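S.K.: Below you'll find the structure I mean.
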Amino acid sequence: MITKILEGDGAGQTSTYRYEYIRDTRSEHAWKEDASGTTELFIIIGDDQWTYVAGQGWVKRTVDASLKPVNVSTQITQAMKDRAASKARVALKGLQEPINNAYCSHYLVEYTIKQQVPNPSGIGTTEVEAHTIGDVWIGDQLGVPSIVMLWKGTTDYMLQGKKTVVSTEQSLYDIDRVTSIAPPKT
């Protein structure tokens, strides 16, 4: 996933999130790459989470969803549960469009939900009402679970009286590549 801050605090900053997930063992490994290198590194196995903290190494803690990259699929699912409250709209734009070797249905999606965003100070998060609009390609081939293969969109929100606009592109580029995720060596 690539995020770019288009407007607001941090305008011009780009971050790349890489994410691996194994459904059967509820294991996750994610890290953020930006101008300062690799940051926000974490491993989750079941209910255990290890986060890499600069200067301290690996720190074991309880699972903290605020440290994880934004999950577009979860947001869309949340918005669709109460379309009126989230002002959600969905429009089909195309069928059988190939994305990363999977045939996908292409939709325009728009919604407004409450979302946690990092504070400008870099410490903690704040809940904001975020408006999102974008294109989503959902792999929906017979015999394969539906999954977001590609997302391209923008989210805007007000934080401390300032408007922030973030562009996000999320792409699922490989399925069944990772075979295991292990706890870090501390």
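The values are calculated or read from the model by the stated rules, or taken from the named source; none is laboratory data. Computed from a predicted structure; not experimentally measured. No Cβ is skipped: glycine too gets one built from the backbone with ideal geometry, and neighbour counts run over all protein chains shown.
S.K.: Return the residue satisfying two criteria in turn: it lies in segment 88-112 and is touching a residue at least 40 places away in the same chain (Cβ under 8 Å) and charged (D, E, K, R), and of such residues it is nearest to residue 156 (Cα to Cα). Before the answer, list the steps.
M.R.: Going through segment 88-112, the residues touching a residue at least 40 places away in the same chain (Cβ under 8 Å) turn out to be 93, 97, 99-100, 102, 104, 109.
From what's left, charged (D, E, K, R): 93, 97.
Details: 93: 23, 97: 28 Å.
The selected residue is 93.
S.K.: Can you name the number of the only condition in (1) in contact with a helix residue (DSSP H, G or I) (Cβ under 8 Å, 6 or more places away or on another chain); (2) without any contact (Cβ under 8 Å) to a residue 40 or more places away in the chain that residue 146 fails?
M.R.: Here residue 146 meets the rest and fails (1).
S.K.: Given the condition touching an Asp or Glu at 6+ places or on another chain (Cβ under 8 Å) and modelled with pLDDT under 90, answer yes or no: does some residue in segment 131-145 qualify?
M.R.: Checked segment 131-145: no residue is touching an Asp or Glu at 6+ places or on another chain (Cβ under 8 Å) and modelled with pLDDT under 90.
S.K.: May I pose another question? Scan segment 22-43 residue by residue and report those that are touching a residue at least 60 places away in the same chain (Cβ under 8 Å) and assigned to a strand (DSSP E or B).
M.R.: Here is the first cut: in segment 22-43, the residues touching a residue at least 60 places away in the same chain (Cβ under 8 Å) are 22, 25, 27-29, 43.
Answer for segment 22-43, where residues must be touching a residue at least 60 places away in the same chain (Cβ under 8 Å) and assigned to a strand (DSSP E or B): 22, 27, 28, 29, 43.
S.K.: Given the criteria in contact (Cβ under 8 Å) with a residue 40 or more places away in the chain and more than 27 Å from residue 8 (Cβ to Cβ), does residue 137 qualify? Reasoning before the result, please.
M.R.: Working: in contact (Cβ under 8 Å) with a residue 40 or more places away in the chain: yes; more than 27 Å from residue 8 (Cβ to Cβ): yes.
So residue 137 passes the test.
S.K.: If you don't mind, there's one more thing I want to ask. Do we find that residue 55 is exposed (fewer than 13 other Cβ atoms within 10 Å of the Cβ), at pLDDT below 85 and in a loop (DSSP other than H, G, I, E, B) in this structure? Even if it seems obvious, please write down each step before you answer.
M.R.: Values: exposed (fewer than 13 other Cβ atoms within 10 Å of the Cβ): yes; at pLDDT below 85: yes; in a loop (DSSP other than H, G, I, E, B): yes.
Yes; evaluated as a whole, the condition is true for this residue.
S.K.: Hey, another quick one. Hey, could you check segment 66-80 for residues that are modelled with pLDDT under 75, closer than 15 Å to residue 130 by Cβ and among the β-branched types (Val, Ile, Thr) and say which is surrounded by the most Cβ atoms within 10 Å (Cβ to Cβ)?
M.R.: 72
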